[in-house]
Amino acid sequence: LSPESSYAHVSTIAADLGNTVLFPPLCLGGCLHVLSQELCTDPDGLAAYFHEEGVDCLKIVPSHLGALLAAAHPERVLPRKLLVLGGEASSWELIHTIERLRPDCRIMNHYGPTETTVGVITYAVEPGQEEPGAPIVPLGRPLPNSRIYLLDRSMQPVLPGVPGEVFIGGAGVARGYLN
């Protein structure tokens, strides 16, 4: 996004989830909207605020966004340029709803626990992308300086398509983090 972009912070300031929208405007000179809990849980109020202020970027938990889409004008709850979903699995059903309401908005699925400085894996949803056979959006690929391993219970790598647990390595893992 351009340096003068507008970002909305809709999670508690104490949670790591909001870091994705907290630092870019502070570092680049954009506008950061730190919103009250009351406004962040009021679909029509938030829609009116976003419409009036012209928010460009939002990071939000999918279930929170789903609840906000109950607004009379749900398209106004969505940012103008970039939506980052994180904190829980994103469904393709939600993605298709977002695309229908705000077709020009880029959508990123973002994953990363607190121990990895929040974001470590990202998936860019392609406009009009069909579901690749799973009901949830893929986690994606690791960000630079990160390594992702999918391991079984014996700590051995799994084959593509085989369920496993995500293990994360690289520069973003918190110092002193163990197991």
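This table checks each residue for (1) under 21 Å from E88 (Cα atoms); (2) open to solvent by 100 Å² or more (accessible area, probe 1.4 Å); (3) in a loop (DSSP other than H, G, I, E, B).
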| residue | (1), (2), (3) |
| --- | --- |
| L139 | yes, no, yes |
| I148 | yes, no, no |
| M155 | no, yes, yes |
| P160 | no, yes, yes |
| V173 | yes, no, yes |
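Looking at (1) touching a Leu at 6+ places or on another chain (Cβ under 7 Å); (2) without any contact (Cβ under 8 Å) to a residue 60 or more places away in the chain; (3) among the aliphatic types (A, V, I, L, M), which is the one condition that is false for A8?
(2)
Restricting to region 126-162, what's the tally of residues that are of a type outside the set (A, V, I, L, M, F, W, C) and farther than 18 Å from G112 by Cα?
Step one: of region 126-162, the residues of a type outside the set (A, V, I, L, M, F, W, C) are 126-133, 135, 138, 140-142, 144-147, 149, 152-154, 156-157, 160-161.
Next cut, farther than 18 Å from G112 by Cα only: 126-133, 135, 152-154, 156-157, 160-161.
Summing the residues that are of a type outside the set (A, V, I, L, M, F, W, C) and farther than 18 Å from G112 by Cα in region 126-162 gives 16.
Looking for something closer than 22 Å to P163 by Cβ and in contact with a Leu (Cβ under 7 Å, 6 or more places away or on another chain) - is there at least one such residue anywhere in region 41-55? Full working, then the answer.
Taking region 41-55 first, the residues closer than 22 Å to P163 by Cβ are none.
No, that holds for no residue.
Considering every residue within region 58-71, establish whether at least one is over 22 Å from P135 (Cα atoms) and touching a residue at least 40 places away in the same chain (Cβ under 8 Å). Before the answer, list the steps.
Kept after step one, since they are over 22 Å from P135 (Cα atoms), are these residues of region 58-71: 58, 71.
From what's left, touching a residue at least 40 places away in the same chain (Cβ under 8 Å): 58.
Yes, there is a match, as at least one residue in region 58-71 is over 22 Å from P135 (Cα atoms) and touching a residue at least 40 places away in the same chain (Cβ under 8 Å).
Among the residues in region 106-116, are any assigned to a loop (DSSP other than H, G, I, E, B) and either more than 21 Å from A70 (Cα to Cα) or over 10 Å from the mean Cα position of the chain (by Cα) (or both)?
So the first thing to find is which residues in region 106-116 are assigned to a loop (DSSP other than H, G, I, E, B), and the list is 112-113.
Narrowing the set further to residues that are either more than 21 Å from A70 (Cα to Cα) or over 10 Å from the mean Cα position of the chain (by Cα) (or both) leaves 112-113.
There is at least one residue in region 106-116 that is assigned to a loop (DSSP other than H, G, I, E, B) and either more than 21 Å from A70 (Cα to Cα) or over 10 Å from the mean Cα position of the chain (by Cα) (or both).
The values are calculated or read from the model by the stated rules, or taken from the named source; none is laboratory data. Please read these numbers as outputs of a predicted model, since none were measured by experiment. No Cβ is skipped: glycine too gets one built from the backbone with ideal geometry, and neighbour counts run over all protein chains shown. Heads up: the accessible areas ignore ligands, DNA and RNA and are worked out on the full protein's heavy atoms, side chains in. Shrake-Rupley method; radii C 1.70, N 1.55, O 1.52, S 1.80 Å.
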